[in-house]
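One structure is given below, encoded as structure tokens.
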Amino acid sequence: MLHSTVGSADCQPAAARTPLAACRSVLMVGTHLDGTGGIRAVVQGYVDGGLFERFDCVYVATHREGSTWVKLITALKAWLRVAVLLRRRPAPLVHVQTASRASFWRKSALCLMARLAGRPYLLHVHGGDFAQFYATESGPIARRFIRYLLAQASLVIALSEQWRERLLGICPAATVEVLPNAVALPDSRALRRLQEREPTLLFLGELRRAKGTYDLVRALACIAERFPQVKLVCGGVGAIAEVRQLAAELGVSDRVICPGWLDPERKRVALAGASIFVLPSYAEGMPIALLEAMSWGLAVIATPVGGIPQLIRHEVDGLLVAPGDIAGVAAAVERLLSDPALRDRLGAAARATVAAHFSLEAALERLGAIYRRFGIEARAKP
């Protein structure tokens, strides 16, 4: 069900503006698929799931990892290409995949271009930092502009019910609907664990304070004496040097492995070889890495932030600890390492939860239903 109310003058809903043209195709914009991060993973899932074959859909990358020049040229080329595509007939529906900060400002130009061309746009908000970005990192003019873009969107897509409420709190006039992230379920034959030589904790994501990476290293140090064989693999980009330095200061440098970003094959190996997945974040949207770990039947430890409570019921399909509770993370890890039966039960329940509520096929059906509201029909099957 869609929810909307009318707010202040700078936050008038799109329905109150000039009627928009009907659509027959989709123009999706986001980060380059050879990069890293949650948006890339979501869009790659759409590609793998066949969305671009089902619908007349073009993808334009507005960002690519690299030097400042690479990023600038990528953005300029994207803006030019979008300007050309917006002149197509019939008109495309613009599906904007955005996070906060630079990601949002890059995409804001495309939202304005869509409005000026009389085209509807969907604003698909990712990540756990958007509320902070709006409330504490943006000045009055920037906040008004953010509200304007939310209100002008034909639909704002949130990753969870909690994020729907937060976005409506920012702009009550926005039309917001929940579309959770989703992942493909690995074949049951792929779940056979690699022979574990030692218990392994796995973290996937950007290595930084907001993801709880430092807390996890400190939690490992708390249990290192009791579990002398346990190791922690932190797969991702970010503060790798700082994490290694902290591990050395705590005397666990031989236990902490930071291999950098893991490509799909290396990530599958890491998931297959892990004992427990831990994501002690301070803020989240709906983390793809957590969904992937659950789909692999891993017991997971996470924090009740963002959309995570929609994924995990404490003691049912995972364990939840408060953000910043290092002792709580350590206790949860110790409990799971000491109780293989509990570990297996929570892992099986986690996989069942993903299969029932967060499968890629179900998400693609829901997204397809959104597209059809704008007149976009799926291609006929050959």
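Under 7 Å between Cβ atoms, which residue pairs at least 6 apart in sequence (or on different chains) link something in region 34-47 that is among the aliphatic types (A, V, I, L, M) with a partner that is assigned to a helix (DSSP H, G or I)?
Here the result reads ALA41/ILE288; VAL42/ILE288, each pair linking region 34-47 to a residue that is assigned to a helix (DSSP H, G or I).
Would you mind stating whether GLN152 is of a type outside the set (A, V, I, L, M), crowded, with 17+ Cβ neighbours inside 10 Å and not assigned by TED's automatic domain parsing to the domain that holds LYS211?
yes
Is there a residue in region 330-349 that is crowded, with 18+ Cβ neighbours inside 10 Å, under 15 Å from GLY38 (Cβ atoms), in contact with a helix residue (DSSP H, G or I) (Cβ under 6 Å, 6 or more places away or on another chain) and not assigned by TED's automatic domain parsing to the domain that holds GLY45?
No, there is no match, as no residue in region 330-349 is crowded, with 18+ Cβ neighbours inside 10 Å, under 15 Å from GLY38 (Cβ atoms), in contact with a helix residue (DSSP H, G or I) (Cβ under 6 Å, 6 or more places away or on another chain) and not assigned by TED's automatic domain parsing to the domain that holds GLY45.
Tell me which of these HIS95 doesn't satisfy, since it passes every other one: (1) surrounded by 23 or more Cβ atoms within 10 Å (Cβ to Cβ); (2) under 15 Å from the mean Cα position of the chain (by Cα); (3) not polar (S, T, N, Q).
Every listed condition holds for HIS95 apart from (2).
Return yes when ARG143 is basic (Lys, Arg), within 27 Å of GLY45 (Cα to Cα) and without any contact (Cβ under 8 Å) to a residue 40 or more places away in the chain and no when it is not.
no
Which one of PRO287, PRO259, PRO340 is touching a residue at least 60 places away in the same chain (Cβ under 8 Å) and not hydroxyl-bearing (Ser, Thr, Tyr)?
Residue meeting the stated conditions: PRO287.
Just the residues that are in a helix (DSSP H, G or I) and either surrounded by 21 or more Cβ atoms within 10 Å (Cβ to Cβ) or touching a Leu at 6+ places or on another chain (Cβ under 9 Å) (or both), please, taken from region 119-145.
Those that are in a helix (DSSP H, G or I) and either surrounded by 21 or more Cβ atoms within 10 Å (Cβ to Cβ) or touching a Leu at 6+ places or on another chain (Cβ under 9 Å) (or both): PHE130, ALA131, TYR134.
Inside region 153-168, can you point out the residues that are part of a strand (DSSP E or B) and within 17 Å of GLU284 (Cα to Cα)?
The answer is ILE157, ALA158.
Conditions first: (1) under 19 Å from the mean Cα position of the chain (by Cα); (2) in contact (Cβ under 8 Å) with a residue 60 or more places away in the chain. LEU110 passes all but one, so which condition is the exception?
Here LEU110 clears every test but (1).
The values are calculated or read from the model by the stated rules, or taken from the named source; none is laboratory data. All values derive from a computational prediction rather than experimental measurement. Please note: Cβ atoms are built from the backbone with ideal geometry, for glycine as well, and neighbour counts cover all protein chains shown.
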